[in-house]
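First the structure, in the form of structure tokens, and then the observations on it.
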Amino acid sequence: MLTALVHIGQLVTVRADGARVKAGSAMRELGILEDGALLFDERIRWVGTTADLFRQREAGELFWDELLEAGGRVVVPGFVDSHTHAVFAGSRAHEYRLRLQGATYQQIAAAGGGIWATVQAVRRASEEELLEQARPLLWSALRHGTTTIEIKSGYGLSLADELKLLRVIRRLGQELPLCVVPTFLGAHAVPPEYQHRRSAYVELLCSEMIPAVAAEGLAEYCDVFADEGYFTLEEAEQILRTASEHGLRPRLHADELAPFGAAELAARLGAVTADHLLHISDAGIVALREAGTIATLLPGTAYTLRLPYAPARRLIDAGVPVALATDCNPGSCLCENMQMVLSLSCQEMGMLPEEALVAATLNGAAALERSHQLGSLEVGKQADFLLLAVREVTELVYHFGINHVHEVWIAGRRVWQAPV
Ligand code: NIG
Ligand code: FE
């Protein structure tokens with residue numbers, strides 16, 4: 001069935017004309033059509049202005065089964081949240097309070113909290129319990145405009161518990177209208193039982209966990225937390241090379257807590273993305289640009305941990321393609337709302353609204369190697385889009401702290417509509 005959506009106040013196509021990703025000044029090009037119209041089934045079939053749509057129907061060149069009114073609202077591609085840890089058990093609200101009183105993320109982790117606290121809760125939880133906690137969080141992400149979401153494991157840190165998390169991630173993708181992309185993050189932390197023999201944990205990752213995850217087809221990507229107090233560059237390299245041999249593509253938590261040279265490693269390994277980058281060096285910026293590695297920035301984490309933000313302006317001006325994501329997780333950023341991330345990126349990292357929107361759509365899709373089918377509103381791409389209750393796109397960040405999403409469409413189906 002073909003649907004026509006007409007009188008779109010601004011149709012923000014983010015057109016890429018076949019480009020995989022946008023970098024530099026191209027990140028400011030939104031391909032906006034005033035009084036736009038879309039024709040779609042599960043894919044976009046036609047893009048243009050309302051006047052042209054009706055003209056072409058008069059000429060017998062276009063037809064549709066159903067005509068819908070956007071009433072002057074803005075349409076943008078659905079958000080692609082390309083970095084989350086959204087499946088977990090328990091809460092770490094008490095850590096949040098400790099940080100407000102001056103404790104650092106690292107001090108809390110050293111005292112037995114942090115990732116380890118969530119691992120203990122996950123190990124006790126059943127698949128059903130994990131699903132029950134994740135489901136409302138994912139629906140909330142969707143209501144705030146996320147149509148594709150990457151989710152990492154990493155709170156199990158044993159073969160059985162990592163597989164349990166990945167199976168929950170798979171079930172969420174089957175149950176919910178969202179497209180869910182799974183990443184194996186067994187190298188999130190060295191669990192306490194391996195604290196004094198960390199090489200045995202790396203060995204377990206490489207010889208048992210990665211092969212098992214790959215054999216069950218439970219993940220597309222492998223990620224490593226390469227940072228001070230977590231995994232070394234040598235360990236990260238060994239893990240990601242092994243993962244690649246098993247068909248899991250590499251991505252990396254890089255230079256989040258300390259300058260670590262992890263961005264350079266991501267570039268050298270041809271990682272799809274290097275994420276966080278609060279402490280990226282000048283050499284790291286050059287390396288990412290040369291390698292075409294996408295820098296995924298997660299300003300909600302710097303906001304929550306009250307750390308200096310990643311150098312978004314320097315990255316964009318240097319020609320590194322930048323994506324934005326939430327990092328949604330119970331420790332360093334409990335936020336599933338991409339609109340909040342867009343606001344932070346403009347307000348705190350000096351990005352322009354146009355750049356933020358490109359980073360949250362086309363470049364997010366590229367960060368998950370799906371920009372040939374997602375991330376912009378162009379003929380042939382999947383019909384994933386949002387109707388926003390704003391009159392022009394800057395309002396999305398200018399008017400902050402509320403949900404602007406009026407309707408969410410995924411693969412040509414309306415999957416959510418605001419109650420008023
Ligand atoms: O991206 N950096 C590692 N992982 C998360 C935090 C995970 C946690 O504290 O539970 C992050 O910030
Ligand atoms: Fe993360």
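The values are calculated or read from the model by the stated rules, or taken from the named source; none is laboratory data. Since the model is a prediction, treat every value here as computed from it, not as a measurement. In this analysis, Cβ positions are derived from the backbone assuming ideal geometry, glycine residues included, and neighbour counts consider all displayed protein chains.
A few points about this structure:
- Selection count, the range 147-181, where residues are in a strand (DSSP E or B) and within 16 Å of ligand 2 (Cβ to nearest atom): 5
- Subset of the range 288-317 that is within 13 Å of ligand 2 (Cβ to nearest atom) and surrounded by fewer than 24 Cβ atoms within 10 Å (Cβ to Cβ) - its residue that is nearest to residue 333 (Cα to Cα): 304
- Of the residues examined, residue 355 is not one that is buried (at least 20 other Cβ atoms within 10 Å of the Cβ), within 16 Å of ligand 2 (Cβ to nearest atom) and touching a residue at least 24 places away in the same chain (Cβ under 8 Å).
- Boolean, residue 265 is in a helix (DSSP H, G or I) and either out of contact with any Gly (no Cβ under 8 Å at 6 or more places or on another chain) or surrounded by 24 or more Cβ atoms within 10 Å (Cβ to Cβ) (or both): yes
- With respect to (1) touching a Ser or Thr at 6+ places or on another chain (Cβ under 7 Å); (2) in a loop (DSSP other than H, G, I, E, B), the lone exception for residue 19 is condition (1).
- Candidate set from the range 215-258 (those that are in a strand (DSSP E or B) and of a type in the set (A, V, I, L, M, F, W, C)); member that is nearest to ligand 2 (Cβ to nearest atom): 225
- 1 or more residues within 16 Å of ligand 1 (Cβ to nearest atom): qualifying strands (runs of 3 or more DSSP E) within the range 290-391: 294-297, 322-324
- Filter result for residue 155 (out of contact with any Pro (no Cβ under 8 Å at 6 or more places or on another chain), among the aromatic types (Phe, Trp, Tyr), surrounded by fewer than 19 Cβ atoms within 10 Å (Cβ to Cβ) and within 18 Å of residue 327 (Cβ to Cβ)): no
- Residue within the range 32-44 that is in a helix (DSSP H, G or I) and at pLDDT 95 or above present: no
- Members of the range 117-146 found to be aliphatic (A, V, I, L, M) and assigned to a helix (DSSP H, G or I), listed by number: 117, 119, 121, 122, 130, 131, 134, 137, 138, 141, 142
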